[in-house]
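First the structure, in the form of C-alpha cells, and then the observations on it.
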Amino acid sequence: MNTNPRILIADDDETLCYLLKEELVSENYNVDIVYDGKYAIEKLKNTNYDILLLDLEMQYISGQKVLKYTSENKPSLQVIVLTAQNDMRTAIECIKLGAYDFVNKPYNFQQLLLTIERALEHKELLEKNKILKNRVEKLKECNIIGESRSIKEIITLARRAALSESNILLEGETGTGKELFAEFIHKQSNRNKKPLVAVNCASLPDQLMESELFGYEKGAFTDAKTSKQGLVEIADGGTLFLDEIGELSLTLQPKLLRFLENGEFRRVGGVTTLTSNVRVIAATNRNLLEYAEEKKFRRDLLFRLNVITLTIPPLVERGKDIILLAEYFLEKKCSVHEKKKLSPEAKSELMNYEFPGNVRELEHMIERAIIFSETDIIELKDLNLPKFRSSPEYVGENENEFLKLEDIERLHIRKALNLNEWNREQTARALGISQKTLYSKIKKYSLK
C-alpha cells in the first residue's frame, strides 16, 4: 500500500464524515472533507487524491456528476461510492461511470478499509501499466537514444538505407549498438511485417553454423532424426542479421556468397536447391578490408555485403548523449517507486570517461550503481569507474615518463572536439582560442 495516501470524502452527512475521517487518520491516511459535489470538483481540480469516497445524494451537484467528472478528467483516481440506496441498478451504473466499487451505508469500517486497500493496489497497477505502455510506444518509434549530431546523421542514413533492398554492413566498436540499428532498419523497411532473424557468426563451430543457417535433412548426421529449417528459410521475406560476420570461417564464406548472389542454398545432407528472399544486414567490429588483404575474409563476399556501409560512432564521440543514455538506463532499470538521479559529480566524471565498452559498458555501469547506491542520488563512488580516465594522461606507462607537450595538446583538443560533437565554434570557445587556431591544430595533428 502507498505511504500516506490521500483520500477525499464527499458526503453531506457531517457527522458521518467526521467519524470516518477519525478512523481513516488512525490508519495513517491523509483525509480531506467536502459536503457537496461542487466543492468536491474544486478540490479535485487543485489536489491529486488517490481515493474518493463519494456519496451520490448531495444538495447542489450530485455524486453521479462528480463521478462523470472524475472519469473524464481523473482516470487514475479510484472512486468508492457510499450510499444508503440498496439498489443494485445504481451500483451497476456507478461502475459503468468508472467507480471502483460500491459500499452501502451503514458501512462496516473493516470492510471499507479492505476495499480502499484493494483500490490503491488497483491504482498502482494501472500506473505501472501506463509506464510500461509508454515505454513500449517509445520502443516502437525508435529505441536509439541520442541527440548528438553524429548519431542523428547515422539514424538519417539508416532510415534511407532501410527503404532500399540492398545488403547493409554495420561497422563499429563492440557495444555501440549495431544490433539495435539492425532492428531499427528492419522496422523502417518494407519487410517489417516479416521476421528479423539474428545469428552470431562467432557463437558456433563450422558444421553447426552451417546447419543453423541453411538447415539439414533427416539423417544428415547422427542426431538428425527429422529435417529442420535453417534461419535463411525462417527469415524468408524478412531480414537476416549476421552479427560478427568477420568471425565466419573461410569454409562457410563461399556458401554464404552463393546464397547472397542468387538466394539459393541447400540444406546440410540435401540435394534439392531451395530459395529464400531475405535482406542481409551484417555487423562487425573489425576492419574487413584489412581482413580481406590478409586473406582472412573473401573480398567478393565483402563487396556483396557492403553495398551500403554504416559506421556507428563510439560513445566517446557522442558528447552529451552519454548523460541522455545514463538517464534512460536509470529510468529503465529503476522500479516504479525507486527513482534515482545522478549527482553533478557523477555526470561530470561520466563525460570525462572514455567508455572502451561503449553503450553496453554504460548500461552495466548504471545497473551496478543502482544496486550499490544507498540513497536516491547516485554519487561518483557508486559508479565504480575504472582507474583510467579519458582526460589527457600526462605520464606514460612508466609514471616517471612524461608525455610530450604536443601529445598532451593533441589529446586535449581531441577530447574537446568530441565533447562538442566537432562543432568548431563551440570547441574554440571552450578552449579559449580562435577558430582559425583550432583549424590549424586540427590540421597539424591530423585529427578526424
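The values are calculated or read from the model by the stated rules, or taken from the named source; none is laboratory data. Please read all numbers here as calculations on a predicted model, not as lab measurements. Neighbour counts run over all protein chains shown; Cβ positions are idealised from the backbone, glycine included.
Rundown of residues vs (1) part of a helix (DSSP H, G or I); (2) of a type in the set (S, T, N, Q); (3) in contact (Cβ under 8 Å) with a residue 12 or more places away in the chain, yes/no style:
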| position | (1), (2), (3) |
| --- | --- |
| T251 | no, yes, yes |
| R258 | yes, no, no |
| E261 | yes, no, yes |
| V271 | no, no, no |
| A282 | no, no, yes |
| R286 | no, no, yes |
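Could you list, in sequence order, the residues of segment 15-27 that are acidic (D, E) and either touching a strand residue (DSSP E or B) at 6+ places or on another chain (Cβ under 8 Å) or in a helix (DSSP H, G or I) (or both)?
E22, E23, listed by residue number.
Taking the conditions exactly as written (of a type outside the set (G, A, S), more than 28 Å from F181 (Cα to Cα) and not assigned by TED's automatic domain parsing to the domain that holds G246), does I322 satisfy them or not?
Answer is no for this residue.
Could you check how many residues of segment 28-69 are within 15 Å of A99 (Cα to Cα), in a loop (DSSP other than H, G, I, E, B) and of a type in the set (D, E)?
1
Inside segment 195-236, can you point out the residues that are surrounded by 14 or more Cβ atoms within 10 Å (Cβ to Cβ) and either in contact with a Pro (Cβ under 7 Å, 6 or more places away or on another chain) or of a type in the set (G, A, S) (or both)?
A198, S211, G215, A220, A224, S227, G230, I234, A235
Would you please name the residue that is nearest to H412 (Cα to Cα), looking only at residues in segment 337-390 that are in contact (Cβ under 8 Å) with a residue 60 or more places away in the chain and in contact with a Phe, Trp or Tyr (Cβ under 8 Å, 6 or more places away or on another chain)?
S390
Every residue, every condition in (1) in contact (Cβ under 8 Å) with a residue 60 or more places away in the chain; (2) not aliphatic (A, V, I, L, M), yes or no:
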site: A158; (1), (2): yes, no
site: S164; (1), (2): yes, yes
site: E171; (1), (2): yes, yes
site: T174; (1), (2): yes, yes
site: L180; (1), (2): no, no
site: P195; (1), (2): no, yes
site: L204; (1), (2): no, no
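Conditions (1) hydrophobic (A, V, I, L, M, F, W, C); (2) within 21 Å of the chain's Cα centre (by Cα), marked per residue:
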position: R318; (1), (2): no, yes
position: R368; (1), (2): no, yes
position: S373; (1), (2): no, no
position: I378; (1), (2): yes, yes
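Only one of these is in the same structural domain as A158 (by TED's automatic domain parsing) and free of Cβ contacts under 8 Å to residues at least 24 places away in the same chain: T222, T239. Name it.
On inspection, the qualifying residue turns out to be T222.
Considering only residues that are of a type in the set (V, I, T) and buried (at least 16 other Cβ atoms within 10 Å of the Cβ), which ones fall in segment 12-32?
If the condition is that a residue be of a type in the set (V, I, T) and buried (at least 16 other Cβ atoms within 10 Å of the Cβ), then V31 is the only one that fits.
When only residues in segment 407-432 that are under 22 Å from I151 (Cα atoms) and out of contact with any helix residue (DSSP H, G or I) (no Cβ under 8 Å at 6 or more places or on another chain) count, which is modelled with the lowest pLDDT?
Checking each candidate, the answer is K415.
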